[in-house]
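A quick write-up on the structure given underneath.
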Amino acid sequence: MDTTLLFVQFLNGLQLGVLLFLLAAGLSLTFGIMDLVNLAHGSFYMVGAFLCATLTYWTGSYIWALLLAVPLTALVGLLTELLVIRELYTRDHLEQVLATFGLILCFDALVQMIWGSEGIAVPLPAWLDGRVALIGSIEVPTFRLLIIGAGLAIAAGLYGLVNHTRLGMLIRAGASNRTMVAAHGINIRLLFSAVFALGAALAGLAGMLIAPITEASIGMGNQIIITAFVVIVVGGVGSMKGAFVSALLIGLIDTLGRSYLDTIFKLFMSTKAAETAAPALSAMLIYILMAVVLALRPQGLFPAKVR
Amino acid sequence: MLRPASAHKTAALGLTPRLGARGWLSVGLLALIGGGGVVAHFAGAPFYVDLATRLVCLAIAATSLNLILGYGGLLSFGHAVFIGIGAYAVGIPSYHATYGDWQAIASYNGFFHLALAMGLSGLFALVTGAISLRTRGVHFIMITMAFAQMMFFFFVSLEAYGGDDGLTIDVRSELGPLSLDDPLQMFLLAFGVLLATLWLVDRLVHSRFGLVLQGAKDNDERMRMIGFNTYVFRLVAYVIAGALCGLAGALLGNFTAFVSPDMLDWTRSGELMFMVILGGAGTLLGPILGATIFVVLEELLSGLTIYWHLPFGALLILSVLFARGGLMAFVGRLGGND
Amino acid sequence: MTESLLKTVDLSKSFGGIEATRNINLEVRPLETHAIIGPNGAGKTTLVSQLSGTLLPDRGAIYFAGQEITRLSPHRRAALGLARSFQITSLLMSMTVLDNVALAIQAHDGHSFRFFARARTEPGLRRRAQEVLARFDLAQRAHAKVATLSHGERRQVEIAVAVATGARLLLLDEPMAGMGREESRRIVALLEGLKASKTMLLIEHDMDVVFALADRISVLVDGALIATGTPEEIRANGTVRRAYLGEM
């Protein structure tokens, strides 16, 4: 087997895992703390990508665009929270699902009105667009390393935020006991708004990071959000650690499965059969993993301790 | 003691001579759809026959979702997967009957198609339901979504059947003397299946089985404490709903003569849910009303603007925020019955 | 000695290091009314939950009618004849009183996979449900939705449902919780009427009620049973007086 290719695919898997974590972290926070199912979380991923695309053309710099688009996406999240989401905290899951499904339709249509129905490519600065030699002769795309690095740094930052800051303390307390937090006179509404905007910003960032590779397109969030749900279900709803481990796991399994399943299948079946079966199975791989995890541990790998 | 009880119940169902507002609306709606399709055909308006047929197919799917969502309280967000399985159960055998290979399933026989559609959908419901019904609430929503997405990607990966682009059904199901190439016969078949489905669901929800299902929706712990294994009842309901929706898919595939992964995209599941909730979950004819509103709105709005998803989405949000209990409840309040 | 209907052996359950029930050896004889008393937080509800199957014990065993049921699911226990009423009313709120009771009878009857016949017009089920309701003074309310009943009426339905399952043992978790004097008295009268035909395990705070109804009493303090005996024995028991009754 080609070790260079394997290494590159491993990095690709890691990159997908990191993006999934950015999405799943926001979902997990809003679910853990506000008991909110937000289908429209993927819309912030899309909005982030489009904002980043426009700002890259305006400012001429991808990095400036990134720095501006993150707070802007947070703002979009905040407005969404104020206008619609806030009304949903006290509603049942069914109503949350329907209303946020409506939000998706609105976001998709609005983005189409503003940016048109074609996708927008995001150019990278030259220093990010090349390859860099990593170990010996193995060269990997610089930008993918940046994505992985940024993702891991944010994961570490979130860990610090949740475990070592006042906001984090409130988040943890809020997740385990809503009334307790309210009783201590903490402004629950403000906390919820802040957490929702944070989640939106993280999802937006994931969209901004992927945009130079895939381009920004309508409905781009609607596929990956389901994968993020799988991450949450496998990791355990409401658990940050679970979301992190399972995001990386699923990123790797999905990527490596798509690249190597046909090679493995060819070991014990005809080439023709392998070329039919492998794509079908690799497309289903992470869902089968989810089914197996659920069959063995319905609460996921790392169930949140308090709920 | 018994007489007034049963009279009260059948009146609430809305199908006795003493119809309430909801009952009149229901009968009127069915007559309108059935009559409308036929009249449109003879008035030379094939567009409206097509519209009515699509509406009826979606109404069957929504009715099957209502069985588990409305009466069983199961927030399934992957119901369109059964439409897709049902449609491919028509498309794939028909494809092989035309182009060879896979002789075991190659067939134009409509009864075989329908049996395959219901059988495979039921089987898929059994396997995925057995796993997903172990969980509740938000888990269940996400898992049903994920399993549906799994089949979406499965059909995308099947290059032999067009993958992403879908598969054109060159030859429709052959159902005895019926010719599904004739729009009127296609419509009447679908309408007949809708009536049969409504009858079946009505019987189901008022049977011993149906009362257990509704009891488990109301208070699962209580039902287990008096001795019901509610998991099994839910699973059986899930399989029945899946098979019925597979039937709707087989009809839809025949109607459009085309099947693609898009039919089971999760946004399609969202639309089915919208129909059930908007019309009134847990009422027999609510989903029909919901499907009608959906199809009509889609037609009107998409004629007005290419951004029709915007008012549609806004309507969905507003209906959740301000119209609880669905339109059936609203009409019921207007007409004064519960 | 008569063989016990319900028996626990060294039943223990802890939550994060706190032992909510500790080595409980309880025996309920057929047709006796056995009360469990104890101060708040003594572990009464934890014990009932383990008996009914909503909580699994860490150690120990539970036997019902000679059969081990320690790890059996709640619905299997119910099928064997063990019915629980809840401290906080837990009924099918959107359904009628008659539906609630008829479903309990149906559960016991065992034919629930019938898909076509209309269950609400089945004379067998309904008549038997009406009979149960008549016994519990609820005949007038048969067609009322549970959600519209008063608190006291709901408590009555709660017991009626437990009885309607045909259970041999009723686990009654504070049946008088939150009731006024008058309503309490009605429930006591109801339970007195059941004494002859049902074995009952009664969790109750009200000492007057316990001493009026119980044949035997077990005292639970800090998760452990400190005494079991007839009402007279319990009254006379020094340990119990110090640990519990003295507080009153």
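Observations
- Enclosing the Cα atoms of segment B:19-335 in their convex hull gives a volume equal to 146 cubic angstrom per residue.
- On Cα atoms only, tilt of C:97-109 relative to the major axis of chain C in degrees: 80 degrees
- The peptide list B:24-36, B:153-165, A:207-219, put in order of mean Cβ contacts within 10 Å with the highest first, becomes A:207-219, B:153-165, B:24-36.
- Qualifying GluC sites (Glu not before Pro) in segment C:1-89, DSSP loop, other Cβ atoms within 10 Å at most 16: C:GLU3
- Inter-probe distance in nm under a simple model that places probes 7 Å from Cα toward Cβ, at B:ARG203 and A:ASN187: 6.1 nm
- Accessible surface of segment B:19-335 [probe 1.4 Å, protein heavy atoms]: carbon and sulfur percent: 68 percent
- Protein-protein interface of segment B:135-169, residues with accessible area decrease of at least 40 Å², isolated chain reference, 1.4 Å probe: B:VAL138, B:HIS139, B:ILE141, B:MET142, B:ILE143, B:MET145, B:ALA146, B:GLN149, B:MET150, B:PHE153, B:PHE154, B:SER157
- Between the listed residues A:GLY242, A:MET169, A:ILE104, the Cα displaced farthest toward the positive end of the dipole of chain A, a dipole computed from Cβ unit charges relative to the Cα centre, is found at A:MET169.
- Residue-normalised accessible area of segment B:19-335, given per residue in Å² at a 1.4 Å probe: 34 Å²
- Think of each Lys and Arg Cβ as +1 and each Asp and Glu Cβ as -1; about the Cα centre, that makes the dipole of chain C roughly 780 debye.
- Against chain A, whose longest principal axis is taken from its Cα atoms, helix A:41-59 shows a tilt of about 80°.
- Semi-axis lengths, Å, segment C:6-247, gyration tensor of Cα atoms, sqrt of 5 times eigenvalues: 32, 21, 15
- Size of charge dipole - chain B - debye, nearest 20, with Cβ of Lys, Arg +1 and Asp, Glu -1, no other charges: 1700 debye
- Buried between C and B is an accessible area of approximately 3500 Å², summed over both sides with a 1.4 Å probe.
- All lysines inside 25 Å of C:LYS44 as judged from Cα atoms, apart from same-chain residues fewer than 8 positions distant: A:LYS305, C:LYS7, C:LYS13, C:LYS195, C:LYS198
- Each chain gives up part of its surface: B and A jointly bury about 4000 Å² of accessible area, both sides summed, for a 1.4 Å probe.
- Choice from B:LEU235, B:LEU200, B:LEU123 with maximal GNM fluctuation in chain B (Cα, 10 Å cutoff): B:LEU200
- Against chain B, whose longest principal axis comes from its Cα atoms, helix B:286-304 is set at around 50 degrees.
- With all protein chains in place and ligands, DNA and RNA left out, the 1.4 Å accessible area ranks C:THR96, A:THR3, A:THR142 as A:THR3, A:THR142, C:THR96, largest first.
- Contact order normalised by residue count of segment C:156-248, Cα under 8 Å, 6+ apart, percent: 21 percent
- Gain upon complete extension [A:THR142, A:THR4; 0.36 nm per residue less C-alpha separation]: 48.1 nm
- Estimated FRET transfer efficiency (C:GLU131, C:LYS195; beta-carbon r; R0 22 Å; 0.05): 0.70
- Estimated distance in nm for a label pair at B:THR168 and C:ARG71, the labels positioned 7 Å out from Cα along Cα-to-Cβ: 6.0 nm
- Counting only other chain Cβ atoms within 10 Å of each residue's Cβ, the peptide B:196-209 averages 4.
- Entry note, the protein assembly as shown: the mean residue ellipticity at 222 nm calculated from DSSP H runs of n ≥ 4, each adding -39500 (n - 2.57), is -21000 deg cm²/dmol after division by the residues and rounding to the nearest 500.
- Accessible surface area normalised per residue over segment A:3-218 is 40 Å², counting heavy atoms of protein chains with a 1.4 Å rolling probe.
- Residues of segment C:52-83 falling in the label zone of C:GLU19, defined by backbone nitrogen less than 13 Å from a point 7 Å along Cα to beta-carbon, are C:58-60.
- Within chain A: Cβ-based charge dipole about Cα centre, in debye rounded to nearest 20 (Lys, Arg +1; Asp, Glu -1): 900 debye
- Candidates A:ALA153, A:ALA99, A:ALA206: whichever shows maximal mean-square fluctuation once chain A is modelled as a Gaussian network with Cα springs under 10 Å: A:ALA153
- Candidates B:ALA87, B:ALA59, B:ALA104, ranked by Gaussian network fluctuation over chain B, Cα under 10 Å, top entry: B:ALA104
- Per residue, in Å², the accessible surface of segment C:6-247 once ligands and nucleic acids are set aside, probe 1.4 Å: 40 Å²
The values are calculated or read from the model by the stated rules, or taken from the named source; none is laboratory data. Note that the structure is a prediction, hence the values are computed from the model and not measured. Note: ideal-geometry Cβ built from the backbone for every residue, glycine included; neighbour counts use all protein chains shown. With ligands, DNA and RNA removed, areas are computed over all heavy atoms of the protein, side chains included. Shrake-Rupley method; radii C 1.70, N 1.55, O 1.52, S 1.80 Å.
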